[in-house]
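This report concerns only the one structure given below.
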Amino acid sequence: MLAALALPSGRMYYRIRPRKRSREFLHQLKAMRSRWPGEKLYVVLDNFSPHRHPSVGDWPASNDVELVFLPTYGSWLNWIESEFAALRYFALNGTDHRNHAEQNSAIATYMRWRDAHVEPKITFAPDSPIRSWTEYPAKVA
């Protein structure tokens, strides 16, 4: 499964493919570009090798897409990871699907429910004074 989380709407856009190679990743990027034309896209990624494969090349930069890589072992910083945890909990845990089609159907059912009940993802603590800091305050003794 390759997925994208649109923060302004909170919706997830996904594709289930038999493999997750650089070819499928590039196809996902192109689909995202066509879904949101005319605006810069920031795609937050972990360090999965297809994300950095040479076949992805310069396509993102030449199409106003910026790939933002998280630090190694920092996937928990990506908001979509909590959505994957919910997907596993509600659609996959405790199941014994007979085949991939049945499993994909369970995922699709959950995703339709989720997107029907979702709210936009907002910035945490928008009025926090921390957001105005340009440097950390001096250490308090």
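The values are calculated or read from the model by the stated rules, or taken from the named source; none is laboratory data. If you're wondering where the values come from, they're calculated on a predicted model, not measured in any experiment. With ideal geometry, Cβ positions are generated from the backbone for all residues, glycine too; neighbour counts draw on all protein chains shown. Areas reflect the complete protein model, heavy atoms only, side chains present, ligands, DNA and RNA absent. Shrake-Rupley method; radii C 1.70, N 1.55, O 1.52, S 1.80 Å.
Surface composition of the chain: carbon plus sulfur atoms contribute 55% of the solvent-accessible area (1.4 Å probe, protein chains only, all chains present).
Residues with beta-carbon under 15 Å from that of Val44, excluding Val44: net charge, scoring Lys, Arg +1 and Asp, Glu -1?
Values: positive: Lys40, Arg52, Lys121; negative: Asp46, Glu66, Glu81, Glu83.
After counting each charged neighbour, the total is -1.
Could you give the angle, 0 to 90 degrees to the nearest 10, between helix 22-35's Cα long axis and the longest principal axis of the Cα atoms of the chain? Its long axis makes an angle of about 70 degrees.
Pairs of Cα atoms under 8 Å, at least six residues apart: use those to get the relative contact order of the chain, whole percent.
26
Pairs of Lys residues in the chain are counted when their Cα atoms are under 24 angstrom apart and they lie 8 or more places apart or on different chains; the count is 4.
Give me the 1.4 Å probe accessible area per residue for segment 5-125, excluding ligands and nucleic acids, in Å².
Details: 8200 Å² over 121 residues.
Value returned for segment 5-125: 68 Å² of accessible area per residue.
For segment 1-69, DSSP calls about 45 percent of its internal beta bridges antiparallel.
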